[in-house]
Amino acid sequence: MSASAYIRITRPHNAVVAGLTALIGYLIATGTLTPPSLLLAVIVALITAGGNVINDVCDVEIDRINRPERPIPAGEISLAGARAYAAVLFAGGIALATLTPPLCLAIAIINSTILVAYAVRLKRIPVLGNGAVAYLTASVFLFGGAFAGIEGLVRNLSLAAITFLATIARELLKDAEDVDGDAAGGARTLPMIVGVRRTGIFAFACACGAVVVSLLPSGDWWGLFYLAGIAVVDLVILFGAFRGLQCTTPGCVRESGATSILRMGMFAALAVFAIAAVI
Ligand SMILES: CC(C)=CCC/C(C)=C/CC/C(C)=C/CC/C(C)=C/COC[C@H](O)COP(=O)(O)O
Ligand SMILES: CC(C)=CCC/C(C)=C/CC/C(C)=C/CC/C(C)=C/COP(=O)(O)OP(=O)(O)O
Ligand SMILES: [Mg+2]
């Protein structure tokens, strides 16, 4: 057993960015950060870490082939140990969420349940699995807003919609990249059913939807800086999705860099939201 394996299995960069995104959600909803709001980042990081650990527990057979270096297939953490660790991370996140308003606690419990359901079953259902990851990612903004009450959550609905659509687009293109490995692992994804070309068209349509919603007038943070920043980000997102749209094979999607360009655009969007909220 090594301590580093217990850190690696949580995909810490992912959990930390998710935690910081909850703070951006609160900042957008209220225009300020308070010391108690820092708790949001810890809760989201713990629950995201729990989701990543339970995912590796359920994907152990796929990862033995595709990702043998991960802690469970590499023999660094036992299956039972990882299961117990995931339970501790979820329980820690939910216990801390009892210190937040009931709306936040409800989201924390619902999301923990969806993360377990995703690992156990939803991941294998085409589109529904992608929808679950898109909802979870979008919900970080709702969670941050909900710390300021229902009005905060409502104020962040447009951000959640943008994130949902952009994440669906990226997750579908990730499935298009992974068709060969997923088929060997027995998974069924949209591109296996309708082909890479149609998946690319659907992903591009979702990216266009995200761009349209991102330009609609919204809260106090919506202004000249936001419009200028988001216009650049929108071009990056459209370019990434367009690269995927042109492909008919998984290899083409991988070489197009579409999913990396989309990830870059999504992280840049977070920076635009955060700066727009404070200036
Ligand atoms: C049109 C437009 C302006 C779109 C921007 C949408 C937006 C604001 C997306 C932000 C999504 C985001 C990065 C949320 C942070 C929470 C988080 C860590 C989510 C899950 O991880 C995503 C990560 O990129 C996983 O990457 P990978 O392992 O390569 O799949
Ligand atoms: C707001 C609250 C309380 C929680 C949000 C929780 C978040 C941010 C979830 C975002 C989505 C996410 C990162 C989920 C983690 C589990 C997951 C879907 C991992 C990806 O696993 P696979 O789909 O198996 O892909 P791999 O090939 O990387 O294993
Ligand atoms: Mg997995």
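What follows draws every value from the coordinates through simple rules; no lab data is involved. In this text the structure is predicted, and so the values were computed from the model without any measurement. Here the Cβ is made from the backbone with ideal geometry for all residues, glycine too, and neighbour counts use every protein chain on show.
Key figures
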quantity	calculated
Per the chain, cysteines lacking a partner by the 4.7 Å Cβ criterion	C58, C104, C206, C208
Highest average packing first - 172-179, 198-205, Cβ atoms within 10 Å	172-179, 198-205
Karplus 3J(HN,Hα) series, Hz, for the stretch 174-180 with 6.51 cos²θ - 1.76 cosθ + 1.60 (x for Gly, Pro)	5, 4, 5, 5, 9, 3, 5
Percent breakdown of C-alpha pair distances by 5 Å bin, ordered from the shortest bin, for the stretch 125-212	3, 16, 22, 20, 15, 10, 7, 5, 2, 0
Burial ranking of peptide ranges 53-63, 217-227, 70-80, 17-27 (average Cβ count within 10 Å, highest at the top)	17-27, 53-63, 70-80, 217-227
Sequence-separation-based contact order of the stretch 142-279, relative, with Cα cut under 8 Å and 6+ spacing, percent	27 percent
In order through the stretch 152-163: 3J(HN,Hα) via Karplus (6.51 cos²θ - 1.76 cosθ + 1.60), integer Hz, x for Gly, Pro	x, 4, 4, 4, 9, 4, 5, 4, 5, 5, 4, 5
Given charges at beta-carbon only (K, R positive; D, E negative), |dipole| of the chain in Debye	220 debye
Value of relative contact order over the chain, rounded to a whole percent, pairs C-alpha under 8 Å and six or more apart	18 percent
Karplus-derived HN-Hα couplings along the stretch 17-33 (A = 6.51, B = -1.76, C = 1.60, θ = phi - 60°), whole Hz, x at Gly and Pro	5, 4, x, 5, 5, 4, 5, 4, x, 5, 4, 5, 6, 10, x, 8, 10
Gap separating the Cα centres of the stretch 75-126 and the stretch 247-278, nearest whole Å	27 Å
Per principal axis, descending, Cα span of the stretch 83-171 in whole Å	36, 35, 13
Expected 222 nm ellipticity per residue - DSSP helices of 4 or more, -39500 (n - 2.57), all of the chain, to 500	-26000 deg cm²/dmol
The stretch 72-114 shape via C-alpha gyration tensor axes, a/c threshold 1.5	prolate
The stretch 35-60 and the stretch 197-227: distance between their alpha carbon centers, rounded to Å	27 Å
The chain shape via C-alpha gyration tensor axes, a/c threshold 1.5	oblate
